[in-house]
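Asker: Just dropping this structure here.
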Amino acid sequence: MALSKDPDWWRQAAIYQIYPRSFKDSNGDGLGDIPGITSKAKYLKSLSLDAVWLSPFFPSPLADGGYDVADYRNVDPRLGTLEDFDQMVKALHDEGIRVFVDIVPNHSSDQHVWFQEALASKPGSKARDRYIFRDGRGKNGELPPNDWVSHFAPSAWTRSKNPDGTPGQWYLHLFAPEQPDFNWDNREVQLDFLKTLRFWSDRGVDGFRVDVAHALKKDLSKLNKSYPKIDSFGINQHGKDILFDRDEVHEVYREWRKVFNEYNPPRVAVAEAYLQAKRRMIYARPDELGQAFNFDLLGAQYDARTYKRIVSENLELAKNEGSSSTWVLNNHDQVRHTTKLGLPKGTKVHEWLLSDGKDAPLDRKLGLTRAKAATLFTMALPGCVYIYQGEELGLFEVEDIPHHDLQDPVWYRNIITKRQRISFGGRKPINGVAVIHTEKGRDGCRVPLPWSSSGKSFGFGSGGAHLPQPLWFKDFAVDAQNNVKDSTLEIYRTALAARKKFQSTEELTWLKSGDPEVLHFTRDNGWHCIINFQGKPYTLPKGEILVASTPFKGRKLPKDTCVWIKTDK
Ligand code: GLC
């Protein structure tokens, strides 16, 4: 199937996120890989997708699930080769599916040749200027340059070692110490990323997901200022924060856009920028990346008022900036929405996860029912929908992975130590130091996919899975849902196919439902979407029912259900 040259193909697309290490393992080493993705091209096609986005598959020591990139223009040998990548792109393109790769520009891995070169070079050298090295405070430079904190570790600074082993300068990392931040004022860094964008575009890649897009530019003249809390969402919205969303970052993306426009159709990119909607949408302007992830529904209350407000606000903002909105309910950093929506109201999701799910009972039936309703609702909205692997199977978060199997730096870096009396196996208590984890991390949504309901790793691969799969995965396996009427997988398939068929202008009209818990809108071709959150059974308009999130009898829409109807107009 030839891909169209339409420069706007992405505006109302369905894009599926693949977390490659957990998608499909072709060689039995327990890690998903590129040939594994190629082998599932037909499956992806069966979801009527426009594109897939691959989380990082580049060489990486895996200090942060691959978001610590050691070589931006290669494939991790554990996941395949560049030839495998080319074959994958061809197989997906042949099925009409485009490919996005993940670009991680804020930081590299500490194993990147440039960082290794920086460590081997002198303070003030050209090699060090590609990163952010500074002298420490204190008599012997033993204190970090300031109090800045990182997302994953207490301090955003780590002291380097000189080549002779003596303690040296400190370097900045907004994430793990193994992820040193680039200095985006350095022209070599800027040019190298242009080279990376061309490298993948020349190989046929259609777009890019841009990791932490809002953090690249920092005000390094303000090193003397305190910045003890890291929360890009809560910053002042003026483009002058020390670390996030500085106005100058847009110069970077305007330069990237020129590269995107060298191709036909132009390449597109989506910004990951945890910011308030208004500032976030600037990244999506036509002379910048094109799209930005809209994360507003991730933590939203499940009710009609909240959903309607978020939708209206984002559609308007997108229109004003010349882009379309995106809709996101899941990704590799988030607790799966099936789980979130099945927890008792008021549950603090992260605390619940930290308790391995013991804090409160999870109502799986309710969670899945609501999750499917929310999904169907977003899929009918004007704009581009992002789906995260396993979502189409109705997977829940795996909340009770044995602690020794966890991999996420969020788990093993967010700790406090406490002096206390500890007793082992009923022995006499001794004074010791207890390590207390304060965050569970993101492994629970990254567990390898179940492809079949039997077999050692549910068809993921012949050699087990790098994160343990729970037994209940068997009921969610692809082969347990294939061609099974009303299975989550078949509902996704029906909805995504209908969405493609009926997609129309980027407008919607809200209709009065007469119930504050029911939202009803139409697109301009007679495609109706109605969601009943917590209302009374809602009488549906005449017309063919295209798909329902949960089957129901008659023409009254029960609560926690969403339906699409096609009328003559
Ligand atoms: C982004 C990624 C996340 C990663 C972080 C650092 O937020 O989505 O997985 O840990 O950036 O690269």
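The values are calculated or read from the model by the stated rules, or taken from the named source; none is laboratory data. Computed from a prediction, not measured in an experiment: that's the story for all the values here. Neighbour counts are summed over all protein chains in view; Cβ atoms, including those assigned to glycine, are modelled from backbone coordinates with ideal geometry.
Asker: Any residue at all in segment 336-345 that's away from the ligand (no atom under 16 Å from the Cβ), within 30 Å of Lys512 (Cβ to Cβ), more than 19 Å from the chain's Cα centre (by Cα) and outside any loop (DSSP other than H, G, I, E, B)?
Answerer: No - not one qualifying residue is present in segment 336-345.
For every residue, the table says whether it meets (1) within 16 Å of the ligand (Cβ to nearest atom); (2) in contact (Cβ under 8 Å) with a residue 12 or more places away in the chain; (3) under 23 Å from Val99 (Cα atoms).
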residue: Phe260; (1), (2), (3): no, yes, yes
residue: Pro265; (1), (2), (3): no, yes, yes
residue: Lys278; (1), (2), (3): no, yes, no
residue: Phe293; (1), (2), (3): yes, yes, yes
residue: Tyr302; (1), (2), (3): no, yes, no
residue: Tyr307; (1), (2), (3): no, yes, no
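Asker: Let me ask something additional. Any chance segment 243-258 includes a residue that's closer than 23 Å to Asp147 by Cβ, surrounded by 23 or more Cβ atoms within 10 Å (Cβ to Cβ) and at pLDDT 95 or above?
Answerer: For segment 243-258, residues closer than 23 Å to Asp147 by Cβ, surrounded by 23 or more Cβ atoms within 10 Å (Cβ to Cβ) and at pLDDT 95 or above: present.
Asker: Among the residues of segment 274-324, which ones are out of contact with any helix residue (DSSP H, G or I) (no Cβ under 9 Å at 6 or more places or on another chain) and outside any helix (DSSP H, G or I)?
Answerer: Of everything in segment 274-324, just one residue is out of contact with any helix residue (DSSP H, G or I) (no Cβ under 9 Å at 6 or more places or on another chain) and outside any helix (DSSP H, G or I), namely Asp303.
Asker: Looking at Gly141, Gly124, Gly168, Gly136 in this structure, which one is without any contact (Cβ under 8 Å) to a residue 12 or more places away in the chain and surrounded by fewer than 21 Cβ atoms within 10 Å (Cβ to Cβ)?
Answerer: Details: Gly141 fails: without any contact (Cβ under 8 Å) to a residue 12 or more places away in the chain; Gly168 fails: without any contact (Cβ under 8 Å) to a residue 12 or more places away in the chain; Gly136 fails: without any contact (Cβ under 8 Å) to a residue 12 or more places away in the chain.
It is Gly124.
Asker: Give segment 191-229 a look and list any residue that's more than 16 Å from the ligand (Cβ to nearest atom) and among the polar types (S, T, N, Q), or say none.
Answerer: Selection gives Ser201, Ser221, Asn224, Ser226.
Asker: Pick from segment 124-139 the residues that are touching a strand residue (DSSP E or B) at 6+ places or on another chain (Cβ under 8 Å) and assigned to a loop (DSSP other than H, G, I, E, B): which of them is farthest from the ligand (Cβ to nearest atom)?
Answerer: Once the filter is applied, the top-ranked residue is Asp135.
Asker: Cβ-Cβ under 8 Å, sequence separation 6+ or interchain: first residue in segment 324-337 and under 12 Å from Leu395 (Cβ atoms), partner in a helix (DSSP H, G or I) and within 15 Å of the ligand (Cβ to nearest atom). Which pairs?
Answerer: Every condition considered, the pairs that remain are Asn330/Cys445; Val335/Gly444; Val335/Cys445; Arg336/Gly444; Arg336/Cys445.
Asker: Tell me which of these Glu188 doesn't satisfy, since it passes every other one: (1) away from the ligand (no atom under 16 Å from the Cβ); (2) part of a loop (DSSP other than H, G, I, E, B); (3) at pLDDT 95 or above.
Answerer: The single condition Glu188 does not satisfy is (2).
Asker: Can I ask one more? Which of the residues belonging to segment 305-360 are buried (at least 23 other Cβ atoms within 10 Å of the Cβ) and touching a His at 6+ places or on another chain (Cβ under 9 Å)?
Answerer: Hits for segment 305-360 are Leu329, Asn330.
Asker: While we're looking at this one, here's another question. Can you confirm whether Ser221 is out of contact with any strand residue (DSSP E or B) (no Cβ under 6 Å at 6 or more places or on another chain), assigned to a helix (DSSP H, G or I) and closer than 25 Å to Val149 by Cα?
Answerer: Values: out of contact with any strand residue (DSSP E or B) (no Cβ under 6 Å at 6 or more places or on another chain): yes; assigned to a helix (DSSP H, G or I): yes; closer than 25 Å to Val149 by Cα: yes.
For Ser221, the condition - out of contact with any strand residue (DSSP E or B) (no Cβ under 6 Å at 6 or more places or on another chain), assigned to a helix (DSSP H, G or I) and closer than 25 Å to Val149 by Cα - is met.
Asker: Could you list, ordered by first residue, the pairs with Cβ atoms under 6 Å in which the first is in segment 183-212 and of a type in the set (A, V, I, L, M) and the second is away from the ligand (no atom under 16 Å from the Cβ), at least 6 apart or interchain?
Answerer: If the second residue must be away from the ligand (no atom under 16 Å from the Cβ), the pairs left are Val189/Arg130; Leu194/Val259; Leu197/Val259; Val205/Val99.
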